[in-house]
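Working notes, beginning with the structure itself.
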Amino acid sequence: MRRIALTGGIGSGKSTVADLLARRGAIVIDADQIAREVVAVGTPGLTAVINRFGRDLLAADGSLDRPALARLVFADRAALADLNAIVHPLVGARSAELMARVPDGGVAVYDVPLLVENGTVSGWDEVVVVQAPMALRLSRLRGRGLPEDEARNRMARQAGDEQRRQAATILVDNDGTLEELAARVDAAWPQISGETPTSA
Ligand code: ATP
């Protein structure tokens, strides 16, 4: 089984690349989705978060009030460290479980926005980093309804492009059309999947 990490800054096109890889047969494991699942209603993860941060962080329906939690940890580094200490091991365990289910010969792609930030850059067969110029990222995010100041705020809290580039074994530039992106993913597929490129 191939173990591939996929990362990129917000608005780089990482999810689009994940979809393209899934179409090529990769099994995509979404770290953000797992991070939501491990603190869903009724989970030990949610209990741990509420024990640490209080019931004020529960929404009316008993689920975690994510915007309130985000505000809290944004303003308090110790709170963020505590939250990470609860959530990261749960995400790690669940993603390892999902990875273990990928059949022999399969390609597992771990889609993880904060790979570099969380210090998990080693132990992969390949680290795919999607990159795009800042202006393009901002305009794509605007197209998705995210105001520019909020997008810039989130970027400021992520690792910089250079830091991500240093972690990459495969760089995918997303500075053109979706068709160009798909062609670049196709070109990278032999290395990602570990196939020897074949001549036609
Ligand atoms: P986030 O970190 O916010 O999840 P992301 O890096 O996963 O972002 P995507 O969701 O893949 O980025 O892309 C952001 C937006 O830009 C989406 O609406 C996507 O359809 C669009 N997009 C991505 N690549 C291109 C491209 N080459 N041409 C036009 N639109 C694109």
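Numbers at a glance
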{"read-out": "Cross-chain or 6+ apart pairs with Cβ under 8 Å, the stretch 174-188 first and among the basic types (Lys, Arg), then near the ligand (Cβ under 8 Å from one of its atoms)", "value": "ARG184/ASN174"}
{"read-out": "Residue in the stretch 65-82 that is buried (at least 19 other Cβ atoms within 10 Å of the Cβ) and either closer than 28 Å to ARG137 by Cβ or more than 16 Å from the ligand (Cβ to nearest atom) (or both) present", "value": "no"}
{"read-out": "Where a residue in the stretch 9-38 is closer than 18 Å to GLY143 by Cα and among the charged types (D, E, K, R) and its partner, wherever it lies, is assigned to a loop (DSSP other than H, G, I, E, B) and within 11 Å of the ligand (Cβ to nearest atom), with Cβ under 8 Å and at least six apart", "value": "LYS14/PRO113"}
{"read-out": "Test: LEU58 is free of Cβ contacts under 8 Å to residues at least 12 places away in the same chain, more than 16 Å from the ligand (Cβ to nearest atom) and surrounded by 12 or more Cβ atoms within 10 Å (Cβ to Cβ)", "value": "yes"}
{"read-out": "Filter pass, ASP82 being at pLDDT 95 or above, assigned by TED's automatic domain parsing to the domain that holds TRP189 and acidic (Asp, Glu)", "value": "no"}
{"read-out": "Filter pass, VAL130 being within 16 Å of ASP32 (Cα to Cα), among the aliphatic types (A, V, I, L, M) and in contact with a strand residue (DSSP E or B) (Cβ under 6 Å, 6 or more places away or on another chain)", "value": "no"}
{"read-out": "Selection within the stretch 1-22 - out of contact with any helix residue (DSSP H, G or I) (no Cβ under 9 Å at 6 or more places or on another chain) and either assigned to a loop (DSSP other than H, G, I, E, B) or more than 10 Å from the ligand (Cβ to nearest atom) (or both)", "value": "ALA22"}
{"read-out": "Matching strands (runs of 3 or more DSSP E) fully within the stretch 84-197 where at least 2 residues are surrounded by fewer than 18 Cβ atoms within 10 Å (Cβ to Cβ)", "value": "170-173"}
{"read-out": "Single residue of the stretch 118-157 satisfying the filter (of a type in the set (S, T, N, Q) and within 28 Å of ALA187 (Cα to Cα)) that is farthest from the chain's Cα centre (by Cα)", "value": "SER139"}
{"read-out": "Residues being in a helix (DSSP H, G or I) and either under 18 Å from the mean Cα position of the chain (by Cα) or assigned by TED's automatic domain parsing to the domain that holds TYR110 (or both) - total across the stretch 24-57", "value": "7"}
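The values are calculated or read from the model by the stated rules, or taken from the named source; none is laboratory data. Quick caveat: nothing in here was measured; it's all calculated off a predicted structure. Please note: Cβ atoms are built from the backbone with ideal geometry, for glycine as well, and neighbour counts cover all protein chains shown.
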